[in-house]
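> Below is the structure I would like to discuss, written out as structure tokens.
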Amino acid sequence: MDFNKLKVYGIPRHLTKYNIYNPAKMRYLKSKDYGYFECSKHPKIPEVRHLADMYKQRLEYEKYLNPKGFKYTWSSSFPKIGDTIDFANPKLFLVRSEKNYAENEIKFLVDKKLSKIEINQFIQKLYNFRVRDVNTAILPGKVHPFVKGRGARYERTRDIKKAVVKLDFKVDESYRKKNKNI
């Protein structure tokens, strides 16, 4: 069986009926206490207990967040053509949260494609604000059980990217905090 042809057709190696090892990237260990497991070739923490725990966490992740066990592979190396329309109208939403931010910080929900530099430029050009710093974080979606008919599966909501923007001036509290009276 030619595995290069399988990759071209988008079939990953682990979905074939053969158990394939990759000793170039992975190291396979067997311990009396932890059993058989695999780890990376050059781990940062070489303790057997830690490596076995990381292997169990990876299996747990694949079990719940990827219930069918599919792993995606790149089937072509052609460059992807980006759309310029996506960046013509950026999605920036002001968020009022219950978390206490500093007097000169505002939180936005932004499109996942935007980088810190692009967020900084959009806020400066659209609102004429002087931006000191932009901190971003991608919040992972939540996993919910979904039952339909006889089978049950897990669905995951979309990831959200938030940006906390530091400005040169104090921002009104009504733009920073959620009103608890509503």
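> I'm trying to understand the selection: among the residues of region 135-170, which are closer than 15 Å to residue 95 by Cα and in contact with a helix residue (DSSP H, G or I) (Cβ under 9 Å, 6 or more places away or on another chain)?
Hits for region 135-170 are 135, 136, 163, 165.
The rows are residues; the columns are (1) assigned by TED's automatic domain parsing to the domain that holds residue 61; (2) surrounded by fewer than 14 Cβ atoms within 10 Å (Cβ to Cβ); (3) under 30 Å from residue 64 (Cα atoms); (4) modelled with pLDDT under 90.
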position	(1), (2), (3), (4)
93	no, yes, no, yes
121	no, no, no, yes
131	no, no, no, no
144	no, yes, yes, yes
148	no, yes, yes, yes
168	no, yes, no, yes
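> Ok, one more. Please go through region 31-45 and pick out each residue that is of a type outside the set (Phe, Trp, Tyr) and part of a strand (DSSP E or B). Break it down stepwise before answering.
We begin by selecting, within region 31-45, every residue of a type outside the set (Phe, Trp, Tyr); these are 31-33, 35, 38-45.
Passing the criteria: 31, 35, 38, 39, 40.
> Search region 95-111 for residues being part of a loop (DSSP other than H, G, I, E, B), of a type in the set (Asp, Glu) and modelled with pLDDT of 85 or more, and hand back the single one that is farthest from residue 123 (Cα to Cα).
Restricting attention to region 95-111, the residues satisfying the condition of being part of a loop (DSSP other than H, G, I, E, B) are 96, 98-104, 111.
Next, from what is left, pick out any that are of a type in the set (Asp, Glu): 98, 103, 111.
Of the ones still in play, those that are also modelled with pLDDT of 85 or more are 103, 111.
Details: 103: 18, 111: 14 Å.
Of everything passing the filter in region 95-111, 103 is farthest from residue 123 (Cα to Cα).
The values are calculated or read from the model by the stated rules, or taken from the named source; none is laboratory data. Predicted, not measured: the structure shown is a model, and the values here were computed from it. Because the Cβ atoms are built from the backbone with ideal geometry, glycine has one as well, and the counts that use them run over all protein chains shown.
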